[in-house]
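Throughout, read-outs are computed from the coordinates displayed, never taken from laboratory work. This one's a predicted model, so the numbers in the text were calculated from it and none came from an experiment. Cβ placement follows ideal geometry from the backbone for every residue including glycine, while neighbour counts extend to all protein chains displayed.
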Amino acid sequence: MNITIIGSGNVGGTLAVGFRKAGHSIILGVKDPALPFKGKDLAQEYNFPFYPIQEAVQKSEVIVIAAPAHFAHEIAQTLGDVKDKVIIDTMNAVMKKPAHYANSSEAILDNCNCTDVVKCFNTTGAENMANPHYGDTRLDMFVAGDSVKGKHIATQLAKDIGFADCFDFGGNDKFSLMEQFALAWINLAMMQKMGRNIGFKLLKRQ
C-alpha cells in the first residue's frame, strides 16, 4: 500500500519504519518541507520522500495521522479531497482535546470529506509498535470505527508489523473508549511507574 504519515515523531516515525519493513511505500506529509521538521533525520535515513500535506495525501490510499491530538481538526482541514481515502487516527486527546470535540477521530470526521476514519495504534507506546514480541507472546492491537474498509486495512497493518491480532472495539461511538483505554496504558506505564515496556494481550478461555 501507499501510505502517507502525518506526524513523524515517536509513533509516526516508528510506524513509518515498520510499514516500510513490511513492504509498504511510505510518504511523509509535512506542513512546510522547506523548514526543519520533526522526523527529517528519519526521512533522510530511510529515504522517505516528504511533501506538503495535501500533496502527500493525494499520492496515497491510506493516511496515518500521528500528530498532537489537539491539532486534529486543523490537520483535517488541510487534507484536501480525501473521500476515497482511509484515515487511521493514532492520536489520543486525553490531555488536551481539539476544540469542541470529545476526541481526535470525531474532529477528523467533522473537518474533511473522508468517512473511512478509524482509530488504531493509539493504545500502546512506540516501543511496542517497534517490537510487539514479549518472548513467545505477541501483543494485540485494537481498532474502532464504523468503516469496514478502514478496519480491514488497520488490522492488516497491525499484523504486518508483528501484532498477533487487532480486535474490533466497535463503531465510531467507541472512539472515546479507545482513548480511555490508551489512558489506562499511560497510567500504568508512567503514573504507576511500570515503564513503557508493558502491553496488552487479550486471552480467551477455551
Legend entry - Rh by Kirkwood over Cα pairs, then Stokes-Einstein D for the range 13-69 at 0.890 mPa s and 25 °C, µm²/s: 210
Inset, instruction - Please identify which residues in the range 148-192 have an amide N closer than 11 Å to a label point set 7 Å out from the Cα of L202, following the Cα→Cβ vector. - result: 165-170
Inset, instruction - Measure out, as a whole number of angstrom, how far apart the alpha-carbon centroids of the range 161-206 and the range 128-151 sit. - result: 9
Legend entry - Cα-centred dipole magnitude for the chain, charges only on beta-carbon of K, R (+1) and D, E (-1), debye, nearest 20: 520
Inset, instruction - With everything on Cα atoms, drop me the angle between helix 175-186 and the longest principal axis of the chain, reported from 0 to 90° to the nearest 10. - result: 60
Inset, instruction - Before rounding to the nearest 500, sum -39500 (n - 2.57) across all DSSP H runs of length at least 4 in the chain and divide by the residue total; then give [θ] at 222 nm in deg cm²/dmol. - result: -9000 deg cm²/dmol
Inset, instruction - Using only the alpha carbons, work out the radius of gyration and Dmax of the chain in angstrom. - result: 15.9, 56
Legend entry - Computed E for D136/K96 - FRET, C-beta separation, R0 35 angstrom, nearest 0.05: 0.35
Legend entry - Relative contact order for the range 1-103, counting Cα pairs under 8 Å that sit 6 or more residues apart, in percent: 29
